[in-house]
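The block underneath contains the structure these notes are about, expressed in structure tokens.
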Amino acid sequence: MHIFANPARFLAIARPLTPWLGWGGALLVAVAAVSGLFLTPPDYLQGDSVRIMYIHVPSAWLGMAGWTGIAAASLFQLVWRHPLAAVAGQAIAVPGALFSAICLVTGSIWGRPTWGTWWQWDGRLTSMLVLFFLYLGYIALARASDDRTGANPIAAIFGLVGAINIPIIHYSVLWWRTLHQGQSITLSGSTIDASILWPLPIALLGFTMVFGAIVLMRMRTILARNKIEARLKRMAEA
Amino acid sequence: MKPKHQRLTLALLALAAIVGATLLAMSALRDQASYFYTPGDAIRDHVEPGRAVRLGGMVAGGSIRRAADGVTIDFVVTDGKQSVPVRFKGIVPDLFKENSGVVAEGAFDAGGTFVADTILAKHDERYMPPQIAGEMHKSESLKK
């Protein structure tokens, strides 16, 4: 892990990786969008509104995976004092919040024609909204740091504690009776018919690659900004 | 013990405490955080008439009756063991049909009928194209 602790070495890997992730991901998202909109059959019950799945599920996954990343980065920041950990946490927070918001909005648009409501305070919907608010809190805390590098231990503690919401979101449909349906994809298989399911893994991979590209770009931006801050500080002292 | 290990131990202990506390809170919330009563719960808990609750279950097959005024419908919500008659006046979602999930918001009247002011359709986690659903329906009806 400490091989990547050096920001210079990180940049040497991140710089060429960013376009591959970004453009490769965009291509996969486009393939999934065309397949999901034109090639797959409609659902027997929901009709064409089932196609919202191809954006709703990847954004839910990225919202949850993003916070898992923040929690891991927070642990590295607190325990190993890893110089890139706080940068990674800050870089993940904004796209994480964005995809959580996309998940909530697409879910709401999906809920209106199927359930007959835009919003209900059931376990799954509420815990996902809490995740979105946690992201906003993390972004605010990470920016509120004194030393301008964003390595705020309070934000890291918040990132670790907030991770408890991730299993709550995941198990909400099993623990409580909810309006949201149960899990379709489990370790034992999928209750989505293969003819409807197949674009979903393409969309998942594509959106995840785009997410990765955004995180790498943001990490590079934050590193560059920290460098400028440090140089300005030195110049001011000299 | 190096300071690094001290921090790791501290972080893991704190994490274990938070997870434990949350699991306790969640198991305590188990009944309160449920989104709706099933007919069995509603009968067991003697939900008093007039209290606003949600009732969820399956719409019993063959139970939907439309009144002559065109907007009032009566149907039965069942959880497989117990069932409750429901009356609703208004427009139901497209997915509201017999043998399908439903959540009704409203209250019981004195006679034990659930008077709903909102009907939500609840679908399950299965998604399939219409042809397959049609074949499944055919094979299921043949079995009967």
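Residues to consider are A:13, A:52; find the one that is closer than 30 Å to residue B:95 by Cα, free of Cβ contacts under 8 Å to residues at least 60 places away in the same chain and not acidic (Asp, Glu).
Working: A:13 fails: closer than 30 Å to residue B:95 by Cα.
Among A:13, A:52, only A:52 is closer than 30 Å to residue B:95 by Cα, free of Cβ contacts under 8 Å to residues at least 60 places away in the same chain and not acidic (Asp, Glu).
Among the listed residues B:78, B:72, identify the single one that is more than 30 Å from residue A:166 (Cα to Cα), without any contact (Cβ under 8 Å) to a residue 60 or more places away in the chain and more than 20 Å from the chain's Cα centre (by Cα). Outline the logic, then answer.
Working: B:78 fails: more than 20 Å from the chain's Cα centre (by Cα).
The conditions single out B:72.
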Task: Selection count where residues are at the interface with chain B (Cβ under 9 Å from one of its Cβ atoms) and in contact (Cβ under 8 Å) with a residue 60 or more places away in the chain, scope the range A:152-164 - done: 3
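If you check residue B:90 against the conditions, is it surrounded by fewer than 17 Cβ atoms within 10 Å (Cβ to Cβ) and away from chain A (no Cβ under 12 Å)? Full working, then the answer.
Values: surrounded by fewer than 17 Cβ atoms within 10 Å (Cβ to Cβ): yes; away from chain A (no Cβ under 12 Å): no.
So residue B:90 fails the test.
Would you call residue A:99 more than 13 Å from chain B (Cβ to nearest Cβ), buried (at least 19 other Cβ atoms within 10 Å of the Cβ) and of a type in the set (Phe, Trp, Tyr)? Walk me through it before giving the result.
Working: more than 13 Å from chain B (Cβ to nearest Cβ): yes; buried (at least 19 other Cβ atoms within 10 Å of the Cβ): yes; of a type in the set (Phe, Trp, Tyr): yes.
For residue A:99, the condition - more than 13 Å from chain B (Cβ to nearest Cβ), buried (at least 19 other Cβ atoms within 10 Å of the Cβ) and of a type in the set (Phe, Trp, Tyr) - is met.
Only one of these is away from every other protein chain (no Cβ under 14 Å), under 24 Å from residue A:50 (Cβ atoms) and in a helix (DSSP H, G or I): A:106, A:126. Name it. Don't jump to the end; show me each part of the working.
Values: A:126 fails: away from every other protein chain (no Cβ under 14 Å).
Checking each option against the conditions leaves just A:106.
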TODO: Identify all residues within the range B:14-68 that are among the hydrophobic types (A, V, I, L, M, F, W, C), surrounded by 15 or more Cβ atoms within 10 Å (Cβ to Cβ) and not in a helix (DSSP H, G or I); write none if there are none.
DONE: B:33, B:36, B:47, B:53, B:55, B:58, B:59, B:60, B:64
TODO: Within the range A:1-49, count every residue that is surrounded by 12 or more Cβ atoms within 10 Å (Cβ to Cβ) and closer than 16 Å to residue A:204 by Cα.
DONE: 16
TODO: Report yes if residue B:15 is closer than 24 Å to residue A:164 by Cα and either touching a Phe, Trp or Tyr at 6+ places or on another chain (Cβ under 6 Å) or within 13 Å of another protein chain (Cβ to nearest Cβ) (or both), otherwise no.
DONE: yes
TODO: Taking only the range A:171-211 into account, find how many residues are within 12 Å of another protein chain (Cβ to nearest Cβ), in contact (Cβ under 8 Å) with a residue 40 or more places away in the chain and under 20 Å from the mean Cα position of the chain (by Cα).
DONE: 2
Task: Filter result for residue B:103 (surrounded by 11 or more Cβ atoms within 10 Å (Cβ to Cβ), in a strand (DSSP E or B), at the interface with chain A (Cβ under 10 Å from one of its Cβ atoms) and hydrophobic (A, V, I, L, M, F, W, C)) - done: yes
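Laboratory data are not the source of any read-out in this text; all were calculated from the coordinates shown. For clarity, every value in this text was computed on a predicted model and none was experimentally measured. Cβ sites come from the backbone with ideal geometry, for glycine too, and all protein chains shown count toward neighbours.
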